[in-house]
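Let me begin by presenting the structure, written as structure tokens, before commenting on it.
The values are calculated or read from the model by the stated rules, or taken from the named source; none is laboratory data. The model shown is predicted, which means the values in this text are computed figures rather than measured ones. Counting neighbours? That spans all protein chains shown, and the Cβs are built from the backbone with ideal geometry, glycine included. For accessibility, only protein heavy atoms count, side chains too; no ligands or nucleic acids. Shrake-Rupley method; radii C 1.70, N 1.55, O 1.52, S 1.80 Å.
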Amino acid sequence: MSRTPRTGVARAVTPAAGALARSATQAAGRLLTPPTIGLGDVVPAPASVRPRPAADFVLAADAAIRVSADADARAVADHLAELLRPATGYPLPVADLPPAPGPLQLTLSAAAPHGPVATVSGDAEGYRLDIDPDTVRITAGTATGLFHGVQTLRQLLPAAVESRTPVAQHWVVPGGSIVDRPRFPYRGAMLDVARHFFGVEDVCRVIDHLARYKLNHLHLHLTDDQGWRIAVDSWPRLATVGGRTAVGGGPGGWYTAADYRRIVGHAARRHVTVVPEVDLPGHTNAALVAYPELAPDGVAPPPYTGTEVGFSYVDPTNERTYDFVADVLGELAALTPGPWLHIGGDEAYKVKGAAYTGFVERAQRIVAGLGRTVVGWHQIAPAGQVDGRVLQWWGTDGDDPAVAEAVRRGARVILSPGNHAYLDMKYAPDTPIGHDWAGLIDVHRAYHWDPATHLTGVPAEAVLGVEAPLWTESVTSLAEIEFLLFPRLPALAELAWSAPSTRSWAGLRARLAGHGPRWHAAGITFHPSPEIPWPAGPADQALTPAADPHRGPVPHQPAPGRDHTAPDTR
């Protein structure tokens, strides 16, 4: 109630005409266009979902986004606006909360999210999403939590929201509440840019794919026998000589410091941490071509464009080798804000016993001296422990006594089982690209394992998380990357994010089916897996690499696989 200025007589406040029109439009939208998406149709599966069918929200053309007065939160609100503007055609201005509430609200709150008991890392990334007829509110304790909430809201809008051009339709969001947080703090994927080089824009698109499904780490395999992909000021020939080649004799390439900063910056805006890898002491032919003084015999080998492994190594008895390691890792640490430096350590078959463990221990101390946490493939397990050390396990049988012993000494583990998480494996025998040395990995196989119990003798509390590697011996284009990522990447993301009680194979199949139209609208190449009940048939929704005229054909024959006569191969 209010009073007239002259008489003081009470009168009812009449809503503004614009507000009435907006309310009528929203009500009509809810009646005419019920949501086609259920509140629980989210990948990864949320921790708690409470639908309220009478509380659907319709995004109006004059909607605004309001956000807590915080620079990082404002960046998330800007990201939400950037996601929604192309398809809706709405201006969606962004402003601070308070005083204007707005129909889309992103709020930082130390008390959020409310719900089931969470771990510390889960609290840092958790969020609450409340949808009612007038307002969509995302509440979180951090900007990262807000960002994850935005990705969930994105999935609750019609699939056409992924279009890059305006679409005429009602933008309805199903009513209710979601409370969510991750199971594991480390959830990632790896892109091998050494076997074939991929430019900054391609890597940034892969980062966007990770962020869409709440993955928070991108491991970049930057160096290998076939190419060195990062410029190092103190050793310039690593890039200018070692970076010229690629598998099959391609042109190669490398990232300048500015290029790498663009990748790291884009990842940070997507709340993704870059984990750079320099593979040592093996997988170093490209480095030896550039600097033969690092070779055991001091002689430069010829450039290598094949796919065999295990033949190259830097000399572990040469002090100049450790100058090289310290310089390279030091410059990389200066360019990388995240806590991790990956030193590789796999398939160094010609560096044995004490020579190998001694090299790894010195490399680990160099990383620790830079204030970073060392990550290495699980072959580094026998080396001495340093605080926080992480082993990335890529075995196939779940029984690794050396890794279990390293865990007892204090190591943590990232799980990348080759027969479940390796995204360069074929889906089926007729998959046009990829390998099969670890078996065929369809969506069910990618999904059907539990990271907390997978490794014998490794307790759940030692598992830092899950990473899905994509090696690129047979992968030459962004379309081929996407074809191997989708639909397996979202399945692995759910393993890493969602509690076992919230997920099932039947549920994932049904939820993934609704993502085919999203990928189609976004121009994402994906495999039309027959395991998934795509809504209009896979042929209508999927793009295969060969069918995409804009991104290059699939090679008629995949590049040869690795040398699998050796006892350990990735």
Given charges at beta-carbon only (K, R positive; D, E negative), |dipole| of the range 251-300 in Debye: 500 debye
Give the aspartates and glutamates whose C-alpha is closer than 16 Å to that of K214, dropping any in the same chain fewer than 8 places away, or say none. D41, D123, E125, D180, E467, E494
Between T256 and A536, what's the calculated FRET efficiency when r is the beta-carbon distance and R0 is 56 Å? Round to 0.05. 0.80
Most to least packed among 298-307, 137-146, 217-226 [average Cβ atoms within 10 Å]: 217-226, 137-146, 298-307
Would you work out the charge dipole size for the chain about its Cα centre, treating the Cβ of every Lys and Arg as +1 and the Cβ of every Asp and Glu as -1, and quote it to the nearest 20 debye? 2300 debye
For the range 120-197, what does the accessible surface come to per residue with a 1.4 Å probe? Please give it in Å². 24 Å²
How big is the convex hull of the Cα atoms of the range 199-346, per residue, in Å³? 108 Å³
Cut-off 12 Å (backbone N to label point 7 Å along Cα→Cβ of S504), residues of the range 158-183: none
Can you tell me what share of the DSSP beta bridges in the range 215-339 is antiparallel? A percent to the nearest 5 is fine. 35 percent
What shape does the range 272-328 have by the C-alpha gyration tensor, where a ≥ b ≥ c are the square roots of the eigenvalues, rounded means a/c under 1.5, and otherwise prolate means a/b greater than b/c and oblate the rest? oblate
Quick query: amide H of W171 versus all other amide H atoms, modeled in the peptide plane; which residues come in under 5 Å with a sequence gap of 5 or more or a different chain? L59
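Quick one: if the Förster radius is 25 Å, what FRET efficiency do A95 and R164 give, using the C-beta to C-beta distance and rounding to 0.05?
0.50
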With a 1.4 Å probe and all protein chains kept in place, how much accessible area does S501 have, in Å² rounded to the nearest 10? 110 Å²
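Classify the range 460-508 from the C-alpha gyration tensor, please: rounded if a/c falls under 1.5, else prolate or oblate depending on whether a/b exceeds b/c.
Cα axes put the range 460-508 in the oblate bin.
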If each Cα of the range 177-269 is one equal point scatterer, what is log10 of I(q)/I(0) from the Debye formula at q = 0.12, 0.19, 0.25 Å⁻¹? -0.43, -0.88, -1.25
Size of charge dipole - the range 173-259 - debye, nearest 20, with Cβ of Lys, Arg +1 and Asp, Glu -1, no other charges: 300 debye
Between V200 and R408, what is the label-point separation in nm under the 7 Å Cα-to-beta-carbon projection? 4.9 nm
Would you work out which of Y313, A295, V390 lies farthest towards the positive end of the dipole of the range 264-409, given +1 charges on the beta-carbon of Lys and Arg and -1 on that of Asp and Glu, about the Cα centre? V390
Over the heavy atoms of I366, what accessible area does a 1.4 Å probe trace out, to the nearest 10 Å²? 40 Å²
Accessible-area composition of the chain, carbon plus sulfur, in percent [1.4 Å probe]: 57 percent
What shape does the range 287-432 have by the C-alpha gyration tensor, where a ≥ b ≥ c are the square roots of the eigenvalues, rounded means a/c under 1.5, and otherwise prolate means a/b greater than b/c and oblate the rest? oblate
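Give the percent of DSSP beta bridges with both residues in the chain that are antiparallel, rounded to the nearest 5.
Values: 21 of 66 bridges.
Of those bridges, close to 30 percent are antiparallel.
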Using helices alone, I'd like the mean residue ellipticity at 222 nm for the chain: each DSSP H run of four-plus residues gives -39500 (n - 2.57), total over residue count, nearest 500. -9500 deg cm²/dmol
Could you tally the net charge around A140, taking each other residue with its Cβ under 13 Å from the Cβ of A140, Lys/Arg +1 and Asp/Glu -1? -2
Can you give the accessible area per residue of the range 323-369, in Å², using a 1.4 Å probe? 35 Å²
What does the charge count around W505 come to, taking other residues whose C-beta lies under 15 Å from its C-beta (Lys +1, Arg +1, Asp -1, Glu -1)? +1
